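The values are calculated or read from the model by the stated rules, or taken from the named source; none is laboratory data. Everything quoted here is computed from the prediction, not taken from an experiment. Glycine also receives a Cβ, built like all others from the backbone with ideal geometry; neighbour counts cover every protein chain displayed.
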Amino acid sequence: MEPTVKPIFKLKGKDGKVDFFKSWQWQVIICSMIGYAVFYFVRKNFSFAIPMIQDAYPEITKAQLGAILSAGGIIYGISKLINGIIGDRTNARWHLVLGLGVCVAVNFLFGWTDKLTTLITGTTEGPDFIGGFILILSVLYIVNQIFQGCGFAPCNHLMVNWVPPHELATKMSIWNTSHSVGAFVASVICGYLTSWQLCFWVPACLGLVGIFFIIATLRDTPKSVGLQELPKVEGELDESKGKDQKAFRKFLVKRVFLNPVIWILALTDLFVYVVRFAVLDWGPSMLQDMGLSPQLSGWTVGIFEVAGCLGMIFAGYVSDKFFKSRSQRVCAIEMVLVALCLVALHYIQDWHQPVLFLIVLALAGFFLYGPQALLGVVASNEVSKKAASSAVGIIGFMSYLSTLITGYPLGKFADHFGWHPIFILMSAVSVIGFLLVVTLWNLKDKARNTETVENE
């Protein structure tokens, strides 16, 4: 069956003929990865602008900037939840364009924060100027975080519409590397920029190119390009009922919001992110206090991320190949392995062996990022593609609540007890995550049942 819209590149099937579905599937996977990575260009750049802003305006404190970051993290989590629900009812392509478009516009405005402040306050210095500068920066950052939530939900919508359930763990794990790729590229680009204004304007220009790229390369569903949709799975809402707002709300409440499986997955992801953000947010400080140089501590945390990318791909492949796409089993096993690595790090930190410490920390990242990628896959398969974005929206919201634990409380814990027991604490967090997800070990795999669905 030939599509009405041709893909950019063509892949051949086993019969030697062009497989248009596979061609479009891989175009959607690769191009949505690039599109989502561009969201990181106009999100992670803020961290690189912070030291330059403080150099320009020493009156602005780290506490003030930290408060902006904390508020933004919670707002982003809420936005992921809301956009997850919206994402099941919208065209993913235009949902992405809207979100990225607003983020690009906001980043151009970020670079004019000083001019906007002067326009409002009538001054270029003093308490009124600094207060106005912080206020405008805060408002713009919160708006940016709200529309950053338009990134993941539509991409998840694309994946579940283009990738069948028995391939979803492998291909979603590959897609999930876009997080780290985007953050890495943004870090490299911003590292070479010489002013805080450029830290906003250059990524915004790249984001503008990304908007046109998304419009040109992505399409919402197979049907939108003239191809046959994926088969329905057990419990999926009928297409005709899906257009009925009342029927859809009933379906959403039953399959997502009152589904204990989704809340177990969300709580598990909360504990996964506690460990992840503990390493990413406090890792450089912890490692330098242990005697590592700033450069080596930076590379150590960076390798943790790279190992995580490899771990995602490995976990997805193992899940589909050896566990018949029962990804929750891989998540349970890997949470135990994460706990063991963290216990090992507790003892290794006293040996003054940076290379060994790096290896074990990389292993911890390798195993940790598997559950990060796969918990959303389990949720998507549980609720079907009609409600997948809503399910991962709940999971995304819970994951960013972890900042309430890894921020002030973890810093206070370190002030009182030092860094030494942190790894034991994080290993206990990993065990809690294991105890939650292991309850789903024998979860029925609805995604493998492609028989006629019942009307709900």
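Residues in the range 322-334 that are outside any loop (DSSP other than H, G, I, E, B), in contact (Cβ under 8 Å) with a residue 24 or more places away in the chain and not aliphatic (A, V, I, L, M): how many? Can you show your working first?
Start the filter on the range 322-334 by keeping residues that are outside any loop (DSSP other than H, G, I, E, B), which leaves 322, 327-334.
With in contact (Cβ under 8 Å) with a residue 24 or more places away in the chain added as a condition, the list becomes 327-332, 334.
Checking which are not aliphatic (A, V, I, L, M) leaves us with 327-329, 331, 334.
Count: 5.
Scan Ile359, Ile313 and give me the residue that is free of Cβ contacts under 8 Å to residues at least 24 places away in the same chain and either part of a helix (DSSP H, G or I) or assigned by TED's automatic domain parsing to the domain that holds Met172 (or both).
Working: Ile313 fails: free of Cβ contacts under 8 Å to residues at least 24 places away in the same chain.
Step by step, each of Ile359, Ile313 is checked, and only Ile359 is free of Cβ contacts under 8 Å to residues at least 24 places away in the same chain and either part of a helix (DSSP H, G or I) or assigned by TED's automatic domain parsing to the domain that holds Met172 (or both).
Go over the candidates Ala391, Ala364, Ala344 one by one and state the one that is at pLDDT below 90 and in a helix (DSSP H, G or I). Can you show your working first?
Numbers: Ala364 fails: at pLDDT below 90; Ala344 fails: at pLDDT below 90.
Of the residues listed, the single one that is at pLDDT below 90 and in a helix (DSSP H, G or I) is Ala391.
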Review point. Yes or no: Cys331 in the same structural domain as Gly283 (by TED's automatic domain parsing) and within 12 Å of Asn176 (Cα to Cα)?
Key: no
Review point. With Ile215, Ile189 as the choices, which residue is at pLDDT 80 or above and crowded, with 16+ Cβ neighbours inside 10 Å?
Key: Ile189
Check your understanding: Hey, does the range 185-195 have a residue that's assigned by TED's automatic domain parsing to the domain that holds His95, touching a helix residue (DSSP H, G or I) at 6+ places or on another chain (Cβ under 6 Å), part of a helix (DSSP H, G or I) and of a type in the set (A, V, I, L, M)?
Key -> yes
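Sort out which residues of the range 350-361 are out of contact with any Leu (no Cβ under 9 Å at 6 or more places or on another chain) and not β-branched (Val, Ile, Thr), and write them in order of number. Full working, then the answer.
Step one: list which residues in the range 350-361 are out of contact with any Leu (no Cβ under 9 Å at 6 or more places or on another chain), which gives 350-353, 355-356, 359.
If the condition is that a residue be out of contact with any Leu (no Cβ under 9 Å at 6 or more places or on another chain) and not β-branched (Val, Ile, Thr), then Asp350, Trp351, His352, Gln353, Leu356 are the ones that fit.
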**Study point:** Failed condition for Trp419, given (1) closer than 22 Å to Leu337 by Cβ; (2) outside any helix (DSSP H, G or I); (3) hydrophobic (A, V, I, L, M, F, W, C)
**Key:** (1)
Study note, to complete from the structure: When (1) touching a Cys at 6+ places or on another chain (Cβ under 9 Å); (2) farther than 26 Å from Ile189 by Cα; (3) not in a helix (DSSP H, G or I) are applied to Phe9, the one that fails is (1)
Study note, to complete from the structure: Asn161 passes all but one of the listed conditions (1) surrounded by fewer than 23 Cβ atoms within 10 Å (Cβ to Cβ); (2) not in a helix (DSSP H, G or I); the exception is number (2)
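Residue under question is Ile30, and the condition is that it be more than 18 Å from Trp201 (Cα to Cα), surrounded by fewer than 17 Cβ atoms within 10 Å (Cβ to Cβ), touching a residue at least 40 places away in the same chain (Cβ under 8 Å) and of a type in the set (Val, Ile, Thr); does it hold? Walk me through how you get there before you give the answer.
Details: more than 18 Å from Trp201 (Cα to Cα): yes; surrounded by fewer than 17 Cβ atoms within 10 Å (Cβ to Cβ): yes; touching a residue at least 40 places away in the same chain (Cβ under 8 Å): no; of a type in the set (Val, Ile, Thr): yes.
The answer is no for Ile30.
Looking at the structure I just gave you, is Lys14 touching a strand residue (DSSP E or B) at 6+ places or on another chain (Cβ under 6 Å), surrounded by fewer than 16 Cβ atoms within 10 Å (Cβ to Cβ), in a loop (DSSP other than H, G, I, E, B) and not polar (S, T, N, Q)?
No; evaluated as a whole, the condition is false for this residue.
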Check your understanding: Can you tell me which of Ile74, Ile68, Ile85, Ile53 is β-branched (Val, Ile, Thr) and surrounded by fewer than 18 Cβ atoms within 10 Å (Cβ to Cβ)?
Key -> Ile74
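Whether any residue in the range 225-241 is modelled with pLDDT under 90, of a type outside the set (A, V, I, L, M, F, W, C), in the same structural domain as Gln27 (by TED's automatic domain parsing) and assigned to a loop (DSSP other than H, G, I, E, B) is what I want to check. Break it down into steps so the answer makes sense when it comes.
Keep residues of the range 225-241 that are modelled with pLDDT under 90, which gives 229-241.
Adding the requirement that they be of a type outside the set (A, V, I, L, M, F, W, C) leaves 229, 231-232, 234-236, 238-241.
Within this subset, residues satisfying the condition of being in the same structural domain as Gln27 (by TED's automatic domain parsing) are none.
The answer is no; no qualifying residue exists.
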